[in-house]
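Scroll down for the structure; my scribbles are underneath it.
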Amino acid sequence: MAIKLIIFDLDGTLVDSIDGLATSMNKVLASRGYPQHRVEDYKRFVGNGIKKLVSRGLPEDLRDPETVDMCYDNMLKAYHEHYAVGMSIYKGIDAVLNELTAKGVILAINTNKNQVMAQKVVDLFLSQWNFVKIIGADANYEIKPSPAAAIHIANEVGVKPSECIYIGDSEVDLNTAKNAGMHSILVTWGFRTEEELLAHKPEVLIKAPSEIMRYIG
């Protein structure tokens, strides 16, 4: 069956955003005298939204709801200022988005980044492509791996889940696709290692954006 819709994760799939996340959270930690983390460490913290990243970044004995909420508010302020630090589209993504567009495949984004920040990233780095829907964590849907947003996107454009591919860089994206009844592709250029991804038995695992085109019927 031909694929009519592709839903992309954002961070770690379309854009490399880890430097901005690390810079912002380390500023929050430094302001409170807490230990900071390496950029590589933040790749283990991401995937379940910024609030979960904040919790994972705090010392284990300081992850009470009050501290997490306070640091989350500070993180949002810092991230609005520093989100674009080191950010770029992954090499080869532009060519694939051009080819998918030329083939008439519908494009959308579903991310656990909050809605305002997701839109800012798309406006700055991905505005030349038509994403019919961009759904983030503040858009009245449960965050991934809930399939609510993905199913809403498919329904809105009149496409069956079996005609969709969900593409992401983590087990969260894989489980979102499974829960939505969609095909899935996991990518190795994001925030999880190939070994970590293989442990979750992905339907398809690719190492370069150009490989996406093999799975468009």
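Rule-based calculations on the coordinates, nothing more; no lab input. What you see is a predicted model, and the numbers here were worked out from it, not measured in a lab. Ideal geometry is used to build each Cβ from the backbone, glycine not excepted, and the neighbour counts take in all protein chains shown.
Quick notes
- Nonlocal amide H pairs with Asn114, under 5 Å, H built at 1.01 Å: Ile50, Ala137
- Working from Cα pairs under 8 Å separated by at least six residues, relative contact order for the chain is 27 percent.
- In sequence order, the range 170-187 has phi-based couplings of 8, 4, 4, 5, 4, 5, 4, 4, 4, 5, 8, x, 9, 5, 9, 10, 9, 10 Hz under the Karplus curve 6.51 cos²θ - 1.76 cosθ + 1.60, θ = phi - 60°, and Gly or Pro positions carry x.
- Computed extension gain for Val85 through Leu124, at 0.36 nm per residue and net of the alpha carbon distance, reaches 12.8 nm.
- DSSP beta bridges in the chain [antiparallel fraction, %, rounded to 5]: 10 percent
- Among Asn179, Asn114, Asn155: highest mean-square fluctuation, GNM of the chain, C-alpha pairs under 10 Å: Asn155
- Phi angles of the range 155-162 translate, via the Karplus equation with coefficients 6.51, -1.76, 1.60 and θ = phi - 60°, into HN-Hα couplings of 5, 5, 9, x, 10, 6, x, 5 Hz per residue; Gly and Pro are given as x.
- Furthest towards positive pole of dipole, His183, Pro145, Leu205, structure part the range 89-217, Cβ charges: His183
- Scalar couplings 3J(HN,Hα) for the range 9-22, obtained by applying the Karplus form with A = 6.51, B = -1.76, C = 1.60 to θ = phi - 60°, are 5, 9, 5, x, 10, 9, 10, 8, 10, 5, 5, x, 5, 5 Hz; x denotes Gly and Pro.
- Sorted by Cβ neighbour density within 10 Å, fewest at the top, the residues Thr111, Thr193, Thr13: Thr193, Thr13, Thr111
- Choice from Pro145, Pro202, Pro35 showing the highest fluctuation, given a GNM over the chain with Cα pairs closer than 10 Å: Pro35
- Computed over the chain, the P(r) tail beyond 23 angstrom holds 44 percent of alpha carbon pairs.
- Estimated 222 nm signal from helices in the chain, with DSSP H stretches of n ≥ 4 weighted -39500 (n - 2.57), rounded to 500: -12500 deg cm²/dmol
- For the options Ala22, Ala148, Ala108, a Gaussian network treatment of the chain with springs between C-alpha atoms closer than 10 Å singles out Ala148 as fluctuating the most.
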